[in-house]
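The values are calculated or read from the model by the stated rules, or taken from the named source; none is laboratory data. A quick note: this is a predicted structure, and the numbers were derived from the prediction, not measured. Every residue, glycine among them, receives a Cβ derived from its backbone with ideal geometry; neighbour counts consider all protein chains shown. Ligands, DNA and RNA are excluded from the accessible area calculation, which covers all protein heavy atoms including side chains. Shrake-Rupley method; radii C 1.70, N 1.55, O 1.52, S 1.80 Å.
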Amino acid sequence: MAKLRLTMACWDYDRTRALLEDRIPIDGIELNYLNLPVEETFFRMLRHHEFDVAEVSLSSYTVSLFRENPPFIAIPIFPSRFFRHSCIYINRDSGIKEPKDLIGKRVGNPEYQMTAPVWIRGILSDQYDVPVTSATYFTGGEEEPGRPEKLALSLPPEIRVQPIAETQTLSKALETGEIDALYTARMPSTYRKGSGSVRRLFEDYHAVERAYYLETRIFPIMHTIAIRREIYERNRWVAQSLYKAFVQAQRMVYQDLEETAALKFMLPWLHQHVAETQQVMGRDFWAYGLAPNVPALSTFLRYHYEQGLSKRLLTPQEIFAPETFESFKI
């Protein structure tokens, strides 16, 4: 019997490379893996539904669930996770010295509904008493002008969001002081090679993020894997087949991280870093599946609702294919 041929767009991650290189068989599926950067994948999947399966922003996916006919269903696979304290950039002359100084400021977000700023705004509210409604948010391209929100938003009036000029970029606006801060996923060019007027709010971000994890036990989830709903409804088995394959691909990387005959990754003290990470976060520090991620997902979904992006508070169980919640036992 011929296998179901599916095209998937996903970036080239160590944890997905075995799928890209066709080293793992997928039950009933022949996978055409398109190695695309996340911004391109998100835009093409969310705007035009071009792929059968794709890596998508967790926030954009959650927004899509409130459409009259939700176009996607996700599986609890998380190719991107990231502590985001390091991703709050400020203008040196903005008067911002600590988180509470963000209150009343002009804050850039490439898109208001972008997952990284959702986490940042939520963490600032929970951990530092910086209300989401206390800033005015400016959206637009970080490095290229003319970036709109990928999805239409209907926000409550207390959330103030406005686009920057079509000729502006957020990176440059931060450097010149036209905005005071920037919450983003990508390091802005004006921090990396700028004049020195852009800096991080948390310069010692590793210590801050480690303390955040020890307090909350949350490793923020950025992306998930979404299947076009019509494919899923015709072939409910694809959710479990894909889930199993992603898990197998990730397990190969866990094994590679502990290989001592030769370093498989270009980090001289890789094994020390892995040991330190396991000591803090456990051996399965990048957990897939619903059960181990309920606290992180519940927190994110609360942030999404509090920030006016969800029409009601969702539960983690509502947003994933139920076939992936459990497996058979012998």
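Got at least one residue in region 33-52 being touching a strand residue (DSSP E or B) at 6+ places or on another chain (Cβ under 7 Å), without any contact (Cβ under 8 Å) to a residue 40 or more places away in the chain and farther than 28 Å from residue 309 by Cα? Yes, region 33-52 contains at least one residue that is touching a strand residue (DSSP E or B) at 6+ places or on another chain (Cβ under 7 Å), without any contact (Cβ under 8 Å) to a residue 40 or more places away in the chain and farther than 28 Å from residue 309 by Cα.
Got at least one residue in region 221-228 being in contact with a helix residue (DSSP H, G or I) (Cβ under 7 Å, 6 or more places away or on another chain) and assigned to a helix (DSSP H, G or I)? No, the conditions are met nowhere in region 221-228.
Checking each residue in region 283-315 for being without any contact (Cβ under 8 Å) to a residue 60 or more places away in the chain and assigned to a helix (DSSP H, G or I) picks out 291, 292, 294, 298, 305. Just checking, does region 199-212 include any residue being modelled with pLDDT of 95 or more, touching a Lys or Arg at 6+ places or on another chain (Cβ under 9 Å) and farther than 19 Å from residue 126 by Cα? Checked region 199-212: at least one residue is modelled with pLDDT of 95 or more, touching a Lys or Arg at 6+ places or on another chain (Cβ under 9 Å) and farther than 19 Å from residue 126 by Cα. Determine, yes or no, whether residue 103 is open to solvent by less than 10 Å² (accessible area, probe 1.4 Å) and in contact with a helix residue (DSSP H, G or I) (Cβ under 8 Å, 6 or more places away or on another chain). Taking the combined requirement at face value, the residue does not satisfy it. Within region 9-30, the set of residues being in contact (Cβ under 8 Å) with a residue 60 or more places away in the chain, open to solvent by less than 70 Å² (accessible area, probe 1.4 Å) and in contact with an Asp or Glu (Cβ under 8 Å, 6 or more places away or on another chain) comprises 10, 14. Restricting 74, 135 to residues that are under 22 Å from residue 10 (Cα atoms) and either touching a strand residue (DSSP E or B) at 6+ places or on another chain (Cβ under 7 Å) or of a type in the set (Ser, Thr, Tyr) (or both) narrows the list to 74.
Scanning region 172-191 for residues that are out of contact with any strand residue (DSSP E or B) (no Cβ under 6 Å at 6 or more places or on another chain), among the β-branched types (Val, Ile, Thr) and in a helix (DSSP H, G or I) gives a single hit, 176.
Listed conditions (1) out of contact with any strand residue (DSSP E or B) (no Cβ under 8 Å at 6 or more places or on another chain); (2) modelled with pLDDT of 95 or more are all met by residue 151, apart from (2). Does residue 263 count as without any contact (Cβ under 8 Å) to a residue 60 or more places away in the chain, open to solvent by 60 Å² or more (accessible area, probe 1.4 Å), part of a loop (DSSP other than H, G, I, E, B) and touching a Phe, Trp or Tyr at 6+ places or on another chain (Cβ under 6 Å)? Spelling it out, it is not the case that residue 263 is without any contact (Cβ under 8 Å) to a residue 60 or more places away in the chain, open to solvent by 60 Å² or more (accessible area, probe 1.4 Å), part of a loop (DSSP other than H, G, I, E, B) and touching a Phe, Trp or Tyr at 6+ places or on another chain (Cβ under 6 Å).
Scanning region 132-168 for residues that are open to solvent by 50 Å² or more (accessible area, probe 1.4 Å), more than 25 Å from residue 49 (Cβ to Cβ), hydroxyl-bearing (Ser, Thr, Tyr) and within 23 Å of the chain's Cα centre (by Cα) gives a single hit, 133. Among the residues of region 35-42, is any open to solvent by 10 Å² or more (accessible area, probe 1.4 Å), among the polar types (S, T, N, Q) and within 29 Å of residue 122 (Cα to Cα)? Within region 35-42 (the criterion being open to solvent by 10 Å² or more (accessible area, probe 1.4 Å), among the polar types (S, T, N, Q) and within 29 Å of residue 122 (Cα to Cα)), the answer is no, since none of the residues qualifies. Within region 130-158, the set of residues being touching a Ser or Thr at 6+ places or on another chain (Cβ under 7 Å), in a loop (DSSP other than H, G, I, E, B) and either within 22 Å of residue 312 (Cα to Cα) or hydroxyl-bearing (Ser, Thr, Tyr) (or both) comprises 131, 149, 150, 151, 158.
Note on region 188-205: among residues that are open to solvent by 20 Å² or more (accessible area, probe 1.4 Å) and free of Cβ contacts under 8 Å to residues at least 24 places away in the same chain, the one that is nearest to residue 104 (Cα to Cα) is 203. Just wondering, is there one or more residues in region 219-227 that are touching a Pro at 6+ places or on another chain (Cβ under 6 Å), in contact (Cβ under 8 Å) with a residue 12 or more places away in the chain and not acidic (Asp, Glu)? Yes, because at least one residue in region 219-227 is touching a Pro at 6+ places or on another chain (Cβ under 6 Å), in contact (Cβ under 8 Å) with a residue 12 or more places away in the chain and not acidic (Asp, Glu). So if I check each of 77, 88, which one is modelled with pLDDT of 95 or more, closer than 30 Å to residue 176 by Cβ and among the β-branched types (Val, Ile, Thr)? None of the others qualify; the one that does is 88.
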